[in-house]
Amino acid sequence: MTTAITPLIAGNWKMNGTSVALAEVGRLAERLRAGAPPRATVLICPPATLLADLNRIAAPAGIVSGGQDCHPALSGAHTGDISAPMLADLGAQYVIVGHSERRADHGETSALVADKARAALASGLVPIICVGETEAERRAGQAVAVVTAQLAASIPEDWAGHSIVIAYEPVWAIGTGLTPTTQDIIDMHRAVRMTLEARFGARGAGVRILYGGSMKPANAREILAIEHVNGGLVGGASLLASDFYAIISAL
Ligand code: 13P
């Protein structure tokens, strides 16, 4: 891990959790208050319906919050969508854009993801831009080419250096219990870092690159120790305070 970058451990609750789930945030807050200060920024991205109530519990413990998606426009006639300013208004500081589940379920293209990231930046949010190859693409030896192409097209052309985060999430590792080999993560995160530096110079060197896909207490220490892995984007294991705290503590 690059020592100059403060790591980020981000929980993505996906479409899980009603108000009952906020008890887990209370448990996590208690653990964080009782233990040594975390070596990472701790972020939870709950369903947008829970953001305001979550912040009341999370903020005093230093946990920040984020959305899971935003519309590329800042407002307008888009029934059912949520804009980046609405998320910011509820206290969110981050927003995930381009998660593979949205790319698959809603046909989101990298160009749309770049527009969403631009809306996030314009609203003062840090976009967490997700990229990742499918199993077929990895088998075909295309993983690095696919991910670097997604990266090139998903970062706004006019990105001017406000904070962004990249999350590498191999699609086949999400929710499956499968993870890439350590060497595969080393190779991919190095390729992402080189792509960012080639395009953005020193700014690219400071971007946090998260790994996501079946990160658990049992594998977090090994994955988080890899060079250019600056934290994790955690799905299932972020739903339980004990598991999420164990991952935070693995740093
Ligand atoms: P899992 O940790 O459940 O595999 O999900 C990863 C993910 O998609 C986070 O965005």
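How far apart, in nanometres, would the label points at residue 198 and residue 5 be if each is projected 7 angstrom from Cα along the Cα-to-Cβ direction?
1.7
For the chain, take N as its residue count and report Rg(C-alpha) divided by 2.2 N^0.38 Å.
Expressed relative to 2.2 N^0.38 Å, the Cα Rg reads 0.93.
With the full set of protein chains in place, find how many percent of the accessible area of the chain is carbon and sulfur; take the probe as 1.4 Å.
55
Picking from 219, 55, 12, which is most flexible by a Gaussian network model of the chain using Cα springs under 10 Å?
219
Please work out the Kirkwood hydrodynamic radius for segment 1-125, using every pair of different C-alpha atoms, and report it in angstroms with one decimal place.
Computed over Cα pairs of segment 1-125, the Kirkwood hydrodynamic radius comes out at 15.3 Å.
Could I have the simple spin-label model distance between residue 73 and residue 122, label points 7 Å from Cα toward Cβ, reported in nm to one decimal?
1.1
In the full protein assembly as shown, how much of residue 157 is accessible to a 1.4 Å probe, in Å² to the nearest 10?
My reading of the accessible area for residue 157 is about 150 Å².
Please state the equivalent ellipsoid semi-axes for segment 94-183: what are the square roots of 5 times the Cα gyration tensor eigenvalues, largest first, in whole Å?
24, 13, 12
Using alpha-carbon pairs under 8 Å, 6+ residues apart, how would you state the relative contact order of segment 39-190 in percent?
19
Where is the GNM fluctuation largest for the chain (alpha-carbon springs, 10 angstrom cutoff): 120, 59, 237?
Looking only at 120, 59, 237, the biggest GNM fluctuation is shown by 59.
Compute the accessible area per residue over the chain, keeping the other protein chains in place, probe 1.4 Å, unit Å².
In whole numbers, the chain has 43 Å² accessible per residue.
From zero outward in steps of 10 Å, how is the percent of C-alpha pairs of segment 139-251 spread across the bins?
Cα pair-distance distribution for segment 139-251, in percent: 14, 45, 31, 10, 0.
The values are calculated or read from the model by the stated rules, or taken from the named source; none is laboratory data. This one's a predicted model, so the numbers in the text were calculated from it and none came from an experiment. Counting neighbours? That spans all protein chains shown, and the Cβs are built from the backbone with ideal geometry, glycine included. The accessibility values were calculated without ligands, DNA or RNA, using every heavy atom of the protein model including side chains. Shrake-Rupley method; radii C 1.70, N 1.55, O 1.52, S 1.80 Å.
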